[in-house]
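The values are calculated or read from the model by the stated rules, or taken from the named source; none is laboratory data. Please read these numbers as outputs of a predicted model, since none were measured by experiment. Glycine also receives a Cβ, built like all others from the backbone with ideal geometry; neighbour counts cover every protein chain displayed. We work out accessible area using only protein heavy atoms, side chains counted, and drop any ligands, DNA or RNA first. Shrake-Rupley method; radii C 1.70, N 1.55, O 1.52, S 1.80 Å.
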Amino acid sequence: SPSPSRVLRVLLPAQASPARLSGLLLVPPVQPCCLGPSKWGERPLGGSPHAGPVQGLQRLLEQAKSPGELLRWLGQNPTKVRAHHYPAALRRLGQLLVSQPRPPPVEQATLQDLSQLILRNCPSFDIHTIHACLHLAVLLGFPPDGPLVCALEQEQMFRLCLKPPPPLLPALQGGQRREAALSDPQFLRYPRQHLISSLAGARPEELTPHGMVLLAKHLARHRLREPQLLEAIAHFLVAQESQLNSKVVQKLVLPFGRLNYLPLEQQFMPCLERILAREAGVAPLATVNILMSLCQLRCLPFRALHFVFSPGFIKHISGTPHAVIVRRYLSLLDTAVELELPGYQGPRLPRRQQVPIFPQPLITDRARCKYSHKDVVAEGLRQLLGEEKYRRDLTVPPGYCTDFLLCVSGSGAVLPVRTQDPFLPYPPRSCPQGQAASNPTTGIPAQRVVLMLRERWHFCRDGRVLLGSRALRERHLGLMGYQLLPLPFEELESQRGLPQLKSYLRQKLQALGLRWGPEGG
């Protein structure tokens with residue numbers, strides 16, 4: 001069996017730069033004030049007579065110089081240990097291994113004792129602490145089928161899905177109680193399937209627009225692709241069509257585009273077309289937001305496009321506070337017309353009004369960059385191909401940011417990017433997918449290969465369906481002629497260390513017929 005130090009250093013092989021990978025372990029510490037009650041009867045900060053010793057132990061853990069010292073502080077102070085101290089210990093353990101050129105050896109007994117302490121006390125942890133411990137344990141290399149990870153995953157599932165509702169929330173009966181439950185801060189922050197499932201069978205007249213907007217917001221925020229609930233929203237929208245304005249409709253339609261779900265309700269699209277025709281001139285931003293959701297579903301109505309691309313509409317929005325965002329959305333809609341609607345013959349967005357669609361990585365990617373595989377994949381590509389043979393975070397016309405882009409010759413050799421024009425022409429010309437016109441200096445046709453990271457948060461909660469914005473980006477890049485190479489999170493997470501990741505990337509690139517190095521010419 002592998003040595004304990006190797007188990008915990010699996011993410012930090014000698015070839016990798018610790019500075020590049022240290023971000024993977026910089027998980028924000030869990031604050032004791034947000035933790036629920038534990039078996040030790042802890043109190044909120046400021047109300048506990050033991051607040052000083054508890055905070056003192058936190059500092060000792062954060063300043064520990066070795067794994068053994070971490071374990072001693074936890075084992076010798078049982079009356080002072082609180083739930084948030086365990087993720088702090090795991091976090092410090094990861095920092096010790098990352099920050100030192102020669103990480104200290106970790107004894108098997110130390111790992112077992114630390115695991116046993118967490119296993120013994122995790123039933124009293126709240127969801128914040130369980131999530132932090134689970135994330136850190138996986139990053140530190142604890143086996144996914146081992147007792148620690150399995151126990152934390154079970155506790156997480158128990159709290160998210162199976163735990164009975166809190167006594168303060170009454171059974172959902174009638175529209176008022178449903179709306180009260182949907183408005184509860186605890187419900188809005190964490191998915192609770194047992195609360196929202198009762199909405200699926202409700203009649204439209206029992207629900208209010210505000211309550212349904214809260215439900216739509218909840219599904220979109222937590223990436224919950226629940227067909228029964230989405231169909232309930234669609235049915236409500238159709239049944240209450242005459243009572244809804246576009247500002248409400250934009251919020252009800254949002255989860256359909258985000259979750260890449262086209263409802264079975266046959267009147268869904270005719271209803272939206274009638275609302276757009278009625279409300280388009282009243283609320284320009286809401287109109288464009290509805291069309292953005294429909295763009296993700298590939299259901300753009302021609303009549304509404306005629307209106308938003310008309311000179312009068314464009315002139316009207318130019319003087320509004322939302323002019324910048326509306327122009328960006330109109331630019332994306334114009335791209336969709338160019339790539340996906342060859343039969344459209346109406347007006348288009350003038351070239352002088354067009355702006356880059358997404359000139360930088362999406363907000364969700366920037367917010368979760370510390371959990372992303374992008375840095376590790378970049379290091380793997382650097383060692384495999386060399387820095388001159390790929391570009392990272394390159395924005396290609398008309399404004400899509402790519403994760404990694406390669407230029408490839410007609411024979412499959414990966415070329416230095418500086419010797420090529422990395423962009424394919426837009427609007428695209430008729431040519432095979434991934435090929436551009438001949439390079440003006442060499443006369444050799446070049447392909448453009450885009451490596452697409454498919455992180456866990458790029459999918460709906462079930463992990464199988466890409467979110468609408470991600471699917472739209474991949475669809476448009478493919479239609480523009482780029483050859484896409486997806487890198488799914490399940491495959492990336494299974495690579496233990498940089499050598500395995502490099503082997504994985506080599507297999508992926510070779511499967512496309514790509515060559516590099518001395519053999520690539």
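Return the residues of segment 115-127 that are open to solvent by 10 Å² or more (accessible area, probe 1.4 Å) and either within 26 Å of VAL376 (Cα to Cα) or part of a loop (DSSP other than H, G, I, E, B) (or both); say none if nothing qualifies.
Across segment 115-127, the qualifying residue is only ASP126.
Answer yes or no: is there a residue in segment 39-54 that is open to solvent by less than 50 Å² (accessible area, probe 1.4 Å), in contact with a Pro (Cβ under 9 Å, 6 or more places away or on another chain) and at pLDDT 75 or above.
no
Please go through segment 481-506 and pick out each residue that is open to solvent by 20 Å² or more (accessible area, probe 1.4 Å) and either aliphatic (A, V, I, L, M) or on the phi > 0 side of the Ramachandran plot (or both).
LEU484
Does ARG298 qualify as being charged (D, E, K, R) and modelled with pLDDT under 95?
Details: charged (D, E, K, R): yes; modelled with pLDDT under 95: no.
So ARG298 does not fit the description; no.
Can you tell me which residues in segment 244-264 are under 21 Å from the mean Cα position of the chain (by Cα) and of a type in the set (Gly, Ala, Ser)?
Residue satisfying the conditions is GLY257 alone.
Can you run down the residue pairs with Cβ atoms below 7 Å, 6 or more apart or on separate chains, where the first is in segment 210-236 and touching a residue at least 60 places away in the same chain (Cβ under 8 Å) and the partner is open to solvent by 30 Å² or more (accessible area, probe 1.4 Å)?
Every condition considered, the pairs that remain are HIS222/ARG461; ARG223/ARG461; LEU224/ARG461; ARG225/ARG461; ARG225/ASP462; ARG225/VAL465.
Kindly list the number of the only condition in (1) assigned to a loop (DSSP other than H, G, I, E, B); (2) open to solvent by 40 Å² or more (accessible area, probe 1.4 Å); (3) closer than 25 Å to ALA232 by Cα; (4) not small (Gly, Ala, Ser) that fails for TYR261.
(2)
Being of a type in the set (S, T, N, Q), over 24 Å from the mean Cα position of the chain (by Cα) and either assigned to a loop (DSSP other than H, G, I, E, B) or at pLDDT below 80 (or both) is the filter here, so list the residues in segment 321-373 that pass it.
GLN345, GLN354
Within segment 410-422, count every residue that is without any contact (Cβ under 8 Å) to a residue 60 or more places away in the chain and surrounded by 15 or more Cβ atoms within 10 Å (Cβ to Cβ). First the steps, then the outcome.
Kept after step one, since they are without any contact (Cβ under 8 Å) to a residue 60 or more places away in the chain, are these residues of segment 410-422: 410, 415-422.
Those still in the list that are surrounded by 15 or more Cβ atoms within 10 Å (Cβ to Cβ) too: 415, 417, 420-422.
Number satisfying all stated conditions: 5.
Since VAL308 meets every condition but one in (1) more than 23 Å from the chain's Cα centre (by Cα); (2) more than 22 Å from PHE459 (Cβ to Cβ); (3) without any contact (Cβ under 8 Å) to a residue 60 or more places away in the chain; (4) open to solvent by 10 Å² or more (accessible area, probe 1.4 Å), which condition does it not meet?
(4)
Filter segment 116-144 for residues that are out of contact with any Pro (no Cβ under 7 Å at 6 or more places or on another chain) and closer than 16 Å to LEU70 by Cβ; which is modelled with the highest pLDDT?
ILE118
Looking at segment 374-397, which of its residues are open to solvent by less than 10 Å² (accessible area, probe 1.4 Å) and part of a loop (DSSP other than H, G, I, E, B)?
If we filter segment 374-397 for residues that are open to solvent by less than 10 Å² (accessible area, probe 1.4 Å), which is where we start, we get 377-381, 396.
Passing the criteria: none in range.
Residues that are closer than 23 Å to ARG475 by Cβ and surrounded by fewer than 22 Cβ atoms within 10 Å (Cβ to Cβ): does segment 228-241 have at least one?
Taking every residue of segment 228-241 in turn, none turns out to be closer than 23 Å to ARG475 by Cβ and surrounded by fewer than 22 Cβ atoms within 10 Å (Cβ to Cβ).
Rundown of residues vs (1) outside any helix (DSSP H, G or I); (2) modelled with pLDDT under 85; (3) under 24 Å from the mean Cα position of the chain (by Cα); (4) under 21 Å from ARG456 (Cβ atoms), yes/no style:
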position	(1), (2), (3), (4)
LEU188	no, yes, yes, no
GLY201	yes, yes, no, no
HIS218	no, no, yes, yes
LEU224	yes, no, yes, yes
SER242	no, no, no, no
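Scan TYR329, TYR400 and give me the residue that is open to solvent by 40 Å² or more (accessible area, probe 1.4 Å) and of a type in the set (Phe, Trp, Tyr).
On inspection, the qualifying residue turns out to be TYR329.
Can you name the residue in segment 66-83 that is assigned to a helix (DSSP H, G or I) and closer than 13 Å to ASN121 by Cβ and, of all such residues, is most open to solvent (accessible area, probe 1.4 Å)? Steps first, answer last, please.
Narrowing segment 66-83 to residues assigned to a helix (DSSP H, G or I): 67-75.
Of the ones still in play, those that are also closer than 13 Å to ASN121 by Cβ are 74-75.
On the way: LEU74: 8, GLY75: 50 Å².
Checking each candidate, the answer is GLY75.
So PRO87 ticks every box in (1) crowded, with 18+ Cβ neighbours inside 10 Å; (2) modelled with pLDDT under 80; (3) of a type outside the set (D, E, K, R) but one. Which box is left unticked?
(2)
How many of the residues in segment 100-115 are at pLDDT 75 or above and of a type in the set (Asp, Glu)?
Number satisfying all stated conditions: 1.
Would you confirm whether any residue within segment 264-271 is in a loop (DSSP other than H, G, I, E, B), touching a residue at least 24 places away in the same chain (Cβ under 8 Å) and surrounded by fewer than 16 Cβ atoms within 10 Å (Cβ to Cβ)?
Taking every residue of segment 264-271 in turn, at least one turns out to be in a loop (DSSP other than H, G, I, E, B), touching a residue at least 24 places away in the same chain (Cβ under 8 Å) and surrounded by fewer than 16 Cβ atoms within 10 Å (Cβ to Cβ).
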